[in-house]
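Asker: Handing you a structure now.
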Amino acid sequence: MEEKAIEIESLQGALQKEEFVSTGLKAALALEEERKKEVENKVTKLEARMVGLISKTMTRAMEEFKTSFEMRNLNIKFDQEAFIKGFELCEGKVAHRFPKLDLRFLEEEDDVEAGPFDAIVDPSFVKFTFGPSKPTAKAPKLV
């Protein structure tokens, strides 16, 4: 019996040690879970901040692009293409509606690029008049 009593005491001591270790492990696990939640909260806050910064950066980049020469050139090119397409559609409708009409004057000539206006105006010939203007021609009377 003495052997069993010693064995029981030994087992009780081992059980106490295991309970002590288990309690320590539970406390460590609880700390780790709390740290994990804190890290997850930080990550969530950083992700939200990052989304906001990306959105602001994208908005700023779009505004800069909208005011850039590249965007201006794209707008001009689009407007020119839209005008030409509209003109061609209108020309086609007129040709279809009036088949006998001579539309050769609408054909493209050699592109002569317009440059700056080269005429020089001599201001000594310009006469400024102030006051009421007088008609230069008489309008026909309506009957």
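Asker: Spin-label point model (7 Å from Cα, Cβ direction): what's the SER10 to PHE87 distance in nm?
Answerer: Going by the 7 Å Cα→Cβ label model, 10.8 nm.
Asker: Can you figure out the FRET efficiency of PHE105 with ASP79, using R₀ = 22 Å and their beta-carbon distance, to the nearest 0.05?
Answerer: Rounded to the nearest 0.05, the efficiency is 0.35.
Asker: Work out from phi, with θ = phi - 60° and the Karplus expression 6.51 cos²θ - 1.76 cosθ + 1.60, the ³J(HN,Hα) of each residue of the stretch 73-82, listed in order in whole Hz, and give x for Gly and Pro.
Answerer: Here the 3J(HN,Hα) series is 5, 5, 5, 5, 4, 4, 4, 5, 5, 5 Hz.
Every number in this text was worked out from the coordinates using simple rules, so none of it is lab data. Note that the structure is a prediction, hence the values are computed from the model and not measured. Note that each Cβ is placed from the backbone with ideal geometry, even for glycine, and that neighbours are counted across all protein chains shown.
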